[in-house]
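To start, the structure itself, in structure tokens.
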């Protein structure tokens, strides 16, 4: 897991800037974005890790525990989730003091998202995607408009935890899958 793709600078986007640098990635044909300031690094997955991480809830990376956010289960239909591609990369992101690993099928891209293009999602749409995003951007690339959801890491982590305990039954009886 030592093949680093991106190590962002420590400079943050200020409110006075007209755009925000973001890492954009696809999960279940849905584009998602995180601000560059939230990204710790993006790493390639080994074949072994790629096959084993699908069912993991917690992994160790550089001697630090990371919560694995399985967003495929929230954004994909059952048929699509069962036939998904092997994980190629992990996006390591931080929100406050918490570190998260987001498995993705393809390497993410670095994009400038114009602040003027970022809009709130309609409440019904936000609820339909379990409120893991409440804003989106419409970005034109090569004469095609793409909808990019701005991921809320804390909400995604909350959904991940709820799904984990729902699958395991009683919280006291369930134990997380840990990959070391």
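The values are calculated or read from the model by the stated rules, or taken from the named source; none is laboratory data. Since the structure is predicted, the reported quantities are computational estimates derived from the model, not experimental observations. Heads up, the Cβs are rebuilt from the backbone with ideal geometry, glycines too, and the neighbour counts pull from every protein chain shown.
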Filter the stretch 46-63 for residues that are at pLDDT 80 or above and assigned to a loop (DSSP other than H, G, I, E, B); the one that is surrounded by the most Cβ atoms within 10 Å (Cβ to Cβ) is 62
Residue in the stretch 97-106 that is nearest to residue 157 (Cα to Cα), counting only those that are touching a residue at least 24 places away in the same chain (Cβ under 8 Å) and surrounded by fewer than 14 Cβ atoms within 10 Å (Cβ to Cβ): 98
Take the stretch 22-33 and flag every residue that is touching a helix residue (DSSP H, G or I) at 6+ places or on another chain (Cβ under 7 Å) and either modelled with pLDDT of 95 or more or crowded, with 19+ Cβ neighbours inside 10 Å (or both). 22, 23, 27
Determine, yes or no, whether residue 113 is surrounded by 14 or more Cβ atoms within 10 Å (Cβ to Cβ), farther than 20 Å from residue 159 by Cα and at pLDDT 85 or above. yes
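Let's see how each residue does on (1) surrounded by 15 or more Cβ atoms within 10 Å (Cβ to Cβ); (2) under 17 Å from the mean Cα position of the chain (by Cα); (3) in a strand (DSSP E or B):
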position	(1), (2), (3)
124	no, no, no
137	yes, yes, yes
140	no, no, yes
147	no, yes, yes
154	no, yes, no
157	yes, yes, no
Consider residue 42 carefully, then state whether it is surrounded by 12 or more Cβ atoms within 10 Å (Cβ to Cβ) and either at pLDDT below 80 or over 17 Å from residue 154 (Cβ atoms) (or both). yes
Mind counting the residues in the stretch 85-104 that are in a loop (DSSP other than H, G, I, E, B) and touching a helix residue (DSSP H, G or I) at 6+ places or on another chain (Cβ under 9 Å)? 4
Filtering the stretch 126-135 down to residues that are in a strand (DSSP E or B) and touching a helix residue (DSSP H, G or I) at 6+ places or on another chain (Cβ under 8 Å) yields 133, 134
